[in-house]
Amino acid sequence: MYKVLIVDDDMPVRRKLRQYQQWESYEFVIADEACDGIEALEKLSSQCFDLVIIDIRMPCMNGLKLITEIKARNLNPCLILLSTFNDFEYAQQGIRLGVFDYMTKPVDDKALSEALERIKRHLDEKRLIEDNLKFYYPKGQERKLTDLMLAGSNKVMAEAASTCGELAKLAEQNPVKTGILLEKTLANLSEEIYKVFPYLATLEKLVFDGIFTNIESLGEIKEKFLNYIGIMLEIIKKYELHHADSVVKKICAYVMTHVEEDVKLGDIATEIYISGGYISKLFKQKTGTNFNDYVTKVKMEHAKYLLGTGKFKNYEISDKLCYSSPDYFCRLFKDYTGYTPVEFKKMNT
C-alpha cells in the first residue's frame with residue numbers, strides 16, 4: 001500500500017478526505033495527518049510517504065513553503081495541492097514547483113479518484129523501472145564521472161554526455177526510464193561530493209527530485225542533465241576544491257568549516273604549521289584569488305544559504321558571520337551578489 005500524509009489546518013477537510021471510500025481500491029492508505037507545514041516536516045523526517053496532500057493556506061508555514069522545503073530536503077513523495085478558486089495564482093506557483101496535481105476545495109470524490117489513479121500508475125511504473133534497472137546500473141561509469149568532477153576537470157562534461165547516451169540505450173531510449181537513471185546518477189554524484197566535502201552542505205544545496213518529470217524529449221533530458229553537471233562543476237571550482245595541492249585543500253576546508261567564526265590567516269597558520277605569509281602567497285599563486293577575497297566569498301555564499309532558510313534577520317546573519325555591523329555586512333553582500341539581503345530574500349521566497 002502507498003502511504004498518504006494529509007496536511008491541512010482545517011479539521012473538517014482532513015475528516016472528509018479520511019471518509020473517502022476508495023483509498024484502498026487504489027492501494028493507498030492514510031498513514032498520518034498534520035495541521036501545518038512545520039508539523040508535516042517533522043513527520044516527513046521520521047517516516048516515508050508516497051503521497052502528500054497539501055493545503056496552500058496554513059498558519060506557521062504555508063503549502064508553497066512546505067513544498068519548497070520538501071524539495072530542498074531531497075524528499076520524493078508525489079504532491080497534491082489543495083486550494084480555493086481564489087488561490088489559483090498560488091496554485092500555478094505550486095505547479096511550477098513540481099506538484100503532481102492541483103485540486104480545488106471542497107474536494108470532489110470523482111476528481112480525487114482520477115488523481116489517485118494517475119498517481120498510482122506513476123508510482124507503479126517508477127517502482128517497476130527502478131526494480132528492473134538497478135541491477136544494470138553502470139557503477140564504473142559513475143565512478144569515472146565522480147573522479148573527474150572532484151578533480152574539477154572540464155572533461156566531466158564530455159563524460160556526462162557519454163553517460164547520458166549509455167543510460168538512454170540501457171533504458172531503450174525511453175524518456176521516463178532515462179530520467180530515472182539520470183536522476184539517480186545526479187543524486188549519487190552529489191552524495192559523493194558531500195561525502196568528500198561535508199561542509200558544503202551549509203553553502204550549497206543540490207536538489208534533483210523530479211527534475212525530469214513530464215519531459216518527453218531525450219534531447220531536453222540530456223540538456224537538463226548536462227546543465228546540472230555544469231552547476232556541480234562550477235561549485236567545485238568556485239570554492240577551489242579541485243586543487244591537488246594539500247595545503248590549498250586544508251586552507252579551503254578550514255575556511256568552510258569555520259565560516260561562522262572570525263577567520264584569520266594566523267589561525268590557519270597555527271592549524272597547519274605554516275607561516276601566514278607563505279599561506280597567503282601560495283593560495284594566491286595556486287588559485288588566482290586573494291585569501292581575504294576567498295573568505296568573503298565563502299561567507300557570502302553561507303549568507304545566501306541562511307537568507308534562503310527564511311529564519312534569520314540581517315543583523316543575526318551579520319553576527320553569525322562575525323562582521324562588525326549589519327550595515328557593513330549588507331554592503332559586502334550587495335557588492336558580491338548585486339542585491340541587498342532584503343532583495344535577495346524576496347527573490348528566493
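Coordinate-derived values only; no laboratory data. None of the values given here were measured: they were computed from a predicted structure. Neighbour counts run over all protein chains shown; Cβ positions are idealised from the backbone, glycine included.
Normalised Debye scattering of the chain at q = 0.09 Å⁻¹ gives log10 I(q)/I(0) of -0.62, counting only Cα atoms as equal scatterers and leaving out solvent. For TYR2, the residues whose amide H sits under 5 Å from its own are PHE28, VAL29, ignoring neighbours fewer than 5 places away on the same chain, with H placed 1.01 Å from N. Protection proxy ranking, highest mean first, for peptides 161-167, 321-327: 161-167, 321-327, where packing is the per-residue count of other beta-carbon atoms within 10 Å, averaged.
Charged side chains reduced to their Cβ positions (Lys and Arg at +1, Asp and Glu at -1) give the chain a dipole of some 900 debye around its Cα centre. Shape analysis of the stretch 202-349 based on the Cα gyration tensor places the equivalent ellipsoid semi-axes at 30, 23, 12 Å, largest first.
Here the Debye sum runs over all C-alpha atoms of the stretch 2-126 as equal scatterers in vacuum, and log10 of I(q)/I(0) at q = 0.19 Å⁻¹ comes out as -1.04. For LYS334, the lysines whose Cα comes closer than 21 Å to its Cα, not counting residues fewer than 8 places off in the same chain, are LYS238, LYS297, LYS299, LYS304, LYS311, LYS313, LYS320, LYS345, LYS346. Computed from the C-beta positions of LYS224 and GLN47, the FRET efficiency with R₀ = 30 Å rounds to 0.45. Among the chymotrypsin sites (Phe, Trp or Tyr not before Pro) in the stretch 1-46, those placed in a DSSP loop whose Cβ has at most 15 other Cβ atoms within 10 Å are TYR20.
Quick one: plug the Kirkwood hydrodynamic radius of the stretch 139-238 (C-alpha pairs) into Stokes-Einstein at 25 °C, 0.890 mPa s, and report D in µm²/s.
Working: Rh = 13.6 Å.
In µm²/s, the coefficient is 181.
Between amide H atoms placed 1.01 Å from N, distances below 5 Å from CYS78 occur with LEU51, VAL52, all of them 5 or more places distant or on a separate chain.
Couplings 3J(HN,Hα) of the stretch 232-247, computed from phi: 4, 4, 4, 5, 4, 6, 4, 9, 6, 8, 8, 6, 6, 4, 5, 5 Hz, in residue order, whole Hz [Karplus 6.51 cos²θ - 1.76 cosθ + 1.60, θ = phi - 60°; x for Gly and Pro].
What value, in deg cm²/dmol to 500, does the helix sum -39500 (n - 2.57) over DSSP H runs of n ≥ 4 give at 222 nm once divided by the residues of the chain?
Using -39500 (n - 2.57) per qualifying helix, the result is -19000 deg cm²/dmol.
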